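Beneath this line is the structure, given in C-alpha cells, with notes to follow.
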Amino acid sequence: MIPKPMGDHPAGSRSHQGDFCGEYRHEGELDERFGHNIPKKSSNILRIGFQNIGGFSTSSQTLKDDTIRGGITTWEFDIMGLAETNVDWRLVKEDDKLHYRTKEWWEALHISHSNNTTSPPIKTKQYGGVSIFSINKAAHRVISKGFDPSNLGRWTWTRYRGRNNHTLCIICGYRPNPPSGGPFTVYAQHRQFFNTINDVRCPRSAFLTDLCLEINKFKGEGDHIILLLDGNQDMRQGTLASRLQDCDLREVILEKFGNNAPSTYRRNTSRTPIDGIWASPSINIEGGGYFLFDEVFPDTYHKCLWVDITYITAFGHNMPAIVRPSARRLHC
C-alpha cells in the first residue's frame, strides 16, 4: 500500500506542475522496485543514495527531520544527495540552519548545500535547492566542496580524496520544470535572474549547458564523476541524456538493468524515470536500483535511487575500519 501524501501543496509547487503528471497514482495501485533488492551493506562498499525530498521543514526538530535522518540511517547510506530542499537558509534562525540541526545525527557529517541567493530573500520557503550529506567514514574523505557559480542553487558538489591522487567528485543537481505560472517556481526564479543579466537562454537549457561546463572542468582536473540528478526529463533519451552522454557519462542504474524502468515521480503514469545517477566510465556499480515510493522517506513524491560501489572504485583502495579506543579506567 502506498500512503497518501500529507499536507497541502501550494499552486506553483512541484506537486502542481503538470509536465510529467498524469493521473495521480492511487492508494493500492501497483508500485515496484527496480534493479536489485538492497542488501545489508558489506564493509568494502560505499553506498550512495539520491532523492527529491520535497523540502526540509523550515524549523528543526520536526517529523520531517526525523524522517530524513531515519531513512538515511536505516538503509546505511554513506552519501546522500537531496534535491528540492526548498528552504532559503538565509532566513532561518541559527539553530534551524542545516549544519546546526544535523550536528548530532551521526558521529561525523559533512554537508555541501546550495540554494538561490541571486536576489534578496523574500520568505523562508523557497523552491529548489540541493544538498549532499557525507556521513561517518565518507565525511573524513572530503577535501573540498562548492556549488553552482551562478548562485542559483542549481547544483552542489563534494570532492573526496583517494590514494595516489585519486579524487571523486559527487554532484547533486535539480533542473527546473518547464514554466507553469507563478513567480516562485524554480523556473521563474531562474528566468528572473537571467533577465537581470540579459541572458535570453531558457533556464532548462542553461542548466544543461552550465552543468556540462562544470563537469568537463572537473574531469580536466582529474576527477572521477558521479552525478545525482532530478532532471525533470526522461533519463533514457532526449536532450538531457544526449548532453550528459556527450560529457562521457552514462546512467549506471539503467545501464545495468535496462531501460524498462518505472516512473521515479509518483504522479507520472507513463513509466518515465526523471531521476538518475550518472557516472564517468571508471565508476562501475556493484548493485543499485529504485526503492518503492515512500520506502526511504515517507510522504514524498519521488522514489529514492541507490548504488553500491566498492571503496577501491571510489577511492583507489579499501578504507580501513575505524578503531575506537576503549575507555581507560582511572586508578586513584
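Starting from the Kirkwood Rh over alpha-carbon pairs, what translational D in µm² s⁻¹ does segment 211-292 have by Stokes-Einstein at 10 °C and 1.306 mPa s? Estimated diffusion coefficient is 120 µm²/s. Taking a straight Cα-Cα cut-off under 21 Å and skipping sequence neighbours fewer than 8 places away in the same chain, the lysines within cross-link reach of K93 are K64, K103, K123, K125. Pairs spanning more than 25 Å between alpha-carbon atoms, out of K40/K217; K41/K303; K137/K256: K40/K217; K137/K256. Please find, in a Gaussian network model of the chain (springs between Cα atoms separated by less than 10 Å), the residue of E255, E286, E295 whose mean-square fluctuation is greatest. Looking only at E255, E286, E295, the biggest GNM fluctuation is shown by E255. Taking 0.36 nm per residue of separation and subtracting the Cα-Cα distance, full extension of the segment from D199 to T74 would add 40.6 nm.
Can you list the residues of segment 153-174 with backbone N under 20 Å from a point 7 Å past the Cα of C212, pointing along Cα to Cβ? Inside the label zone: 154-156, 171-174.
Determine which lysines satisfy two conditions relative to K219: a Cα distance under 18 Å, and not lying fewer than 8 residues away in the same chain. Filter leaves K145. Distance from the alpha carbon centroid of segment 69-105 to that of segment 178-226 works out to 24 angstrom. Between Y100 and Q245, the distance separating the two model label sites (each 7 Å from Cα on the Cα→Cβ line) works out to 4.8 nm. Spread over its residues, the convex hull of the C-alpha atoms of segment 27-89 is 134 Å³ per residue.
Projected over all directions and averaged, the alpha-carbon convex hull of the chain occupies 19.0 nm². If only the Cβ of Lys and Arg carry +1 and only the Cβ of Asp and Glu carry -1, the dipole of segment 128-229 around its Cα centre is close to 320 debye.
Sorting M80, M235 by the number of Cβ atoms found within 10 Å of their own Cβ, with the fewest placed first, yields M235, M80. For L109 and S59, the difference between the fully extended length at 0.36 nm per residue and the C-alpha to C-alpha distance is 16.1 nm.
Return the FRET efficiency for the residue pair K256, N136: r is the Cβ-Cβ distance, R0 is 35 Å, and the value is rounded to the nearest 0.05. In this case the efficiency is close to 0.85.
Every number here is computed from the coordinates shown, using simple stated rules; none is lab data. What you are looking at is a predicted structure, and each value in this text was computed from that prediction instead of being measured. Every residue, glycine among them, receives a Cβ derived from its backbone with ideal geometry; neighbour counts consider all protein chains shown.
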